[in-house]
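The values are calculated or read from the model by the stated rules, or taken from the named source; none is laboratory data. Worth saying up front: this structure is predicted, and the values here are computed from it rather than measured. Neighbour counts are summed over all protein chains in view; Cβ atoms, including those assigned to glycine, are modelled from backbone coordinates with ideal geometry.
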Amino acid sequence: MTIRFAATTLVCFLAACAGTRDTRVDPDAPDTITGTGLQSQDIRSMVTGMAAKLKADGILNPGRDGERASFFITELRNDSSDVIDRQLILRDLRTELFDAFGRQIRILDRSPEASDLVDAERRMKERGQVSGTNDRKVAGSDFVLKGVIASRDRQAGKLKSSYINVTFELTDLVSQELVWTGRYEMKTESEKSVINR
Amino acid sequence: MRRSWLPLVAILAAGCAVRQPEVPLHAFVAGDLAQVRQFAADQVASGPAENEALVRNVQAQCELLLGELEEARRNFEVAGRIMGSWATSGGEAAGAILGSESSKTYKGDPYEQAMNAYYIALCYLWRGEPDNARAACKRGILADAEVGDERFQADNALLFWMAGRFTQLMGLPDADAYFAEAATAHAFALQHGARGSPTNPVLAEPRHGNLVLVLECGMGPEKYADGAQQELARFRSRYHPAVGARASLDGQDLGVASLLLDVDYQASTLGGTAMEGIRKGKAVFKTASTVAGIVLLDQSTRSSGDTARTQAIAGGALLLAGLLTSSSADVRHWPTLPSTVHVLTAEVPPGEHLLEIDFLDARGRSLPQFRQRATIQVPPHGEAWHLARSLPPVSRPSRPEP
């Protein structure tokens, strides 16, 4: 009996002082750290889904004369109640679009940093400080892709639910026509533990 | 044998009790933010993991006041993620219920979660991301709604007003809804004992000004344990001479700032919590088992044979269970919060200006030891926001404009 008690005590002590883990996991796998807000799995599902939908729609396919459609990604406005790194999503989406379309489309970099670099390079070429000539114009865009993250949060007592809706829209920059839209949705429900109430 | 688990669990859980970190508040009040930041950073690195959110908040607050915006944002966000997670393991819940409540991960009270969101909002504003700043405000408003007493679930005028300002900065049309909520929250808070004035120029003209001064006064409330078994969590105010602020720009008086958030009031309107009921139950058990144990041990001295032995064993077990039961309230709290947050807005010409901030005592007299001067840049478009705390001046670089 005494040995059993001592063994149980030791097991409990070891359990209470259990070590931590540091494991490599698949970014597409559900987060073990739960909570509301977009998780890595959502971001991966969202960008691959959007790229696939855009490709399936065919709006960005090359024209009959083989000319490639060009577009740039502008903003992802966050209207939700969760702070988010928008650039993480937009960069991932851009990469996914490249993977999906390959050389069939032209994705333009309209970031201020890219504009500054282009301006500086063009100036140096004009002055003959570097090799090369400015024999092409800065590319214009046929479309612009933008998005909005919205959420609806409800909580009552120990329960909370959070619905997140991410919408992307592709607008024709000549006609201003909304030519494509796609969405990603997710919802989480949480129950607060009695120790935190 | 099965009953031997109870004291065993209590011993294990009590052994994991986590105390309030000894943040050097004297250094904080004296303006030695580098020392406080170092203390907090050391605690993050080698202190109890259960206190991570608490000490990261302290560290981030020092970094923010020192002008280290990105470091501050990162630490506030890590703390905010811990504080905002509702997930709790069964072991942690069992430990906090059967053993010491302070064995659980610190997630802060709703008013602390709201303050974390307020600081994250400021960080994102200065980062040029008003939408993320507004998202943080929304999260803070939701956190404020988690208080036990439903009457006080939406009384944080500051967060509503900031959400409105950020909506305005985003160029969206629904800012007025937030401003209306801010006015309602302010009136409600005043009716229920918050400090402040019914005449509030900031809320009366919520869109006014391209210069916004956010002025934090005093030291926030202290959480302490009360009751015979220390089972009641209570708040008391900390004394600090600064209770208000006024400012001038290039020598011209801008007036007195309006109080938009009474942190002491927010803490005291937390309401009853489920854990308070559990702690009260544990306190009753602790008292009853201790008394019963003493009575049985006393009787065992007057009995003989098997009866005396049984009474001694049962009495000893009850006494031990009583002594080992921890009914003490978890009094960990964010000790470096301000007592009140005031806002002053002004319409000023774009360009460089010399800003002077005077913190005021209860009689409205200037406190020269806290006087602060800063050179600020007001942009031709958008707004300039400036944060100051009633501490001795801290040298820091000027912030980017939103």
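Miscellaneous remarks
Quick grid of which residues meet (1) outside any loop (DSSP other than H, G, I, E, B); (2) among the aliphatic types (A, V, I, L, M); (3) in contact (Cβ under 8 Å) with a residue 60 or more places away in the chain:
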| site | (1), (2), (3) |
| --- | --- |
| B:R195 | no, no, yes |
| B:G209 | no, no, yes |
| B:Y224 | yes, no, yes |
| B:A242 | no, yes, yes |
| B:A245 | yes, yes, yes |
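- Any hit, segment A:45-56, residues being over 22 Å from A:T167 (Cβ atoms) and over 10 Å from the mean Cα position of the chain (by Cα): no
- Enumerated strands (runs of 3 or more DSSP E) restricted to segment A:79-180, each holding at least 1 residues that are at pLDDT below 95 and under 23 Å from B:G171 (Cβ atoms): A:143-156, A:159-172
- Single residue of A:A69, A:A100 found to be in contact with an Asp or Glu (Cβ under 7 Å, 6 or more places away or on another chain), among the small types (G, A, S), crowded, with 17+ Cβ neighbours inside 10 Å and farther than 18 Å from B:E129 by Cα: A:A69
- Scanning segment A:154-182 for residues being within 11 Å of chain B (Cβ to nearest Cβ), buried (at least 19 other Cβ atoms within 10 Å of the Cβ) and not small (G, A, S) gives a total of 1.
- From the list A:S81, A:S111, the one residue that fits, being more than 30 Å from A:G58 (Cβ to Cβ) and among the polar types (S, T, N, Q), is A:S81.
- Count of segment B:144-154 residues which are facing chain A (nearest Cβ under 10 Å) and modelled with pLDDT of 70 or more: 2
- Taken over segment B:190-245, residues that are over 19 Å from the mean Cα position of the chain (by Cα), surrounded by 16 or more Cβ atoms within 10 Å (Cβ to Cβ) and under 19 Å from B:L367 (Cα atoms) amount to 3.
- Flag for A:G147 being more than 13 Å from chain B (Cβ to nearest Cβ) and touching a residue at least 24 places away in the same chain (Cβ under 8 Å): no
- Scan of segment A:69-111 for residues that are away from every other protein chain (no Cβ under 14 Å), of a type in the set (A, V, I, L, M) and touching a residue at least 40 places away in the same chain (Cβ under 8 Å), ordered by number: A:A69, A:I73, A:L93, A:L97, A:A100, A:I105
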